[in-house]
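Report on one structure; see the data block that follows.
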Ligand SMILES: Nc1nc2c(ncn2[C@@H]2O[C@H](COP(=O)(O)OP(=O)(O)OP(=O)(O)O)[C@@H](O)[C@H]2O)c(=O)[nH]1
Ligand SMILES: [Mg+2]
């Protein structure tokens, strides 16, 4: 059994990624992706999600409606082997003590960590989140989310960004197993939406079923 923790700054898309993964299982889309298998949802818990009052949006970038207070959780099972895995997504607003407690708890119990970054803001701001996380394995995965928002020559930009993220973690003696580039939302007006939605499910399957 693998326990995955999705960690990252506020509103990078951790909860969206988790919800999208559940959709892939519930609609059988999980069997059609690269490395796809038949799987079932055992349990979901999104009760730690709180509505953000109007006029007090946490994220003016995307008019976000909810934020995570207590960690979200999804348990799913590989149908063939019967193996179950859990994915946890705590909130990113570490300025709130209760949210920070969730981050620390998940960073301790997760056997695999996915550090999630968003392309809607500078990386430096997002690195600060990780300076606070003390319990880190020496090898992690990185997810670069909101690829639909990256402008210009995507390939060239991604090369720069992955280098910067590697440098940040390598300095802390943390190595990166693999980078995944994703879209955690079913956005319109983006040609690659299906491919990069798929990457979300492919990422989670790859990490759970390869171990
Ligand atoms: N354009 C775009 N928006 C996205 C993508 N993934 C998530 N979002 C949006 O980003 C916002 C924040 O998403 P959440 O999933 O709540 O982010 P989070 O990291 O769970 O936030 P906290 O738990 O509060 O830290 C929402 O408005 C999502 O619809 C993406 O790939 N592209
Ligand atoms: Mg969340």
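The numbers here are math on the coordinates, done by the rules we state, and not lab data. The model shown is predicted, which means the values in this text are computed figures rather than measured ones. For neighbour counting, all protein chains shown are included, and Cβ atoms are generated from backbone atoms with ideal geometry for every residue, glycine included.
For the chain, with a Gaussian network of springs between Cα atoms less than 10 Å apart, report the residue from 32, 139, 100 with the top mean-square fluctuation.
Maximum among the listed residues: 32.
Could you calculate the contour length gain from residue 166 to residue 186, that is, 0.36 nm times the residue separation minus the distance between their Cα atoms, to one decimal place in nm?
Going from the current span to full extension adds 4.4 nm.
Which value in deg cm²/dmol, rounded to the nearest 500, describes the helix-derived mean residue ellipticity at 222 nm for the chain, given -39,500 (n - 2.57) per DSSP H run of n ≥ 4 and division by the residue count?
Values: 5 runs with 70 residues, N = 211.
Taking each H run of at least 4 residues, the total per residue is -10500 deg cm²/dmol.
Between residue 101 and residue 153, how many nm apart are label points set 7 Å from Cα along the C-beta direction?
Placing both labels 7 Å along Cα→Cβ, they lie 5.0 nm apart.
Between 78, 29, 157, find the one with the highest GNM mean-square fluctuation for the chain; connect C-alpha pairs within less than 10 Å.
Looking only at 78, 29, 157, the biggest GNM fluctuation is shown by 157.
Can you give me the relative contact order of the chain as a percent, contacts being Cα pairs under 8 Å and 6 or more apart?
Rounded, it is 24 percent for the chain.
What ranking of 166, 11 emerges when the number of other C-beta atoms within 10 Å of each C-beta is taken as an exposure proxy, fewest first? Please list the in-between numbers first.
Values: 166 15, 11 23.
Ascending number of Cβ neighbours within 10 Å: 166, 11.
Using Cα pairs closer than 8 Å and at least 6 residues apart in sequence, work out the relative contact order for the stretch 1-50, in percent.
20 percent
Can you tell which of 49, 122, 34 shows the greatest fluctuation in a Gaussian network model of the chain with Cα springs below 10 Å?
122
Which percent of the Cα-Cα distances in the chain go past 23 Å?
Every Cα pair in the chain considered, those over 23 Å come to 43 percent.
Neighbour counts of other C-beta atoms within 10 Å: give me 77, 134, 96 arranged from fewest to most.
On the way: 77 18, 134 8, 96 13.
Ascending Cβ contact count within 10 Å gives the list 134, 96, 77.
Residue 26 to residue 81: extension gain in nm, 0.36 nm per residue of separation minus the Cα-Cα distance? Can you show the working numbers first?
Values: separation 55, 0.36 × 55 = 19.80 nm, distance 1.83 nm.
Answer, rounded to one decimal: 18.0 nm.
Going by C-beta contacts inside 10 Å, put 7, 20 in order with the fewest on the left.
Ordered by Cβ neighbours within 10 Å, fewest first: 20, 7.
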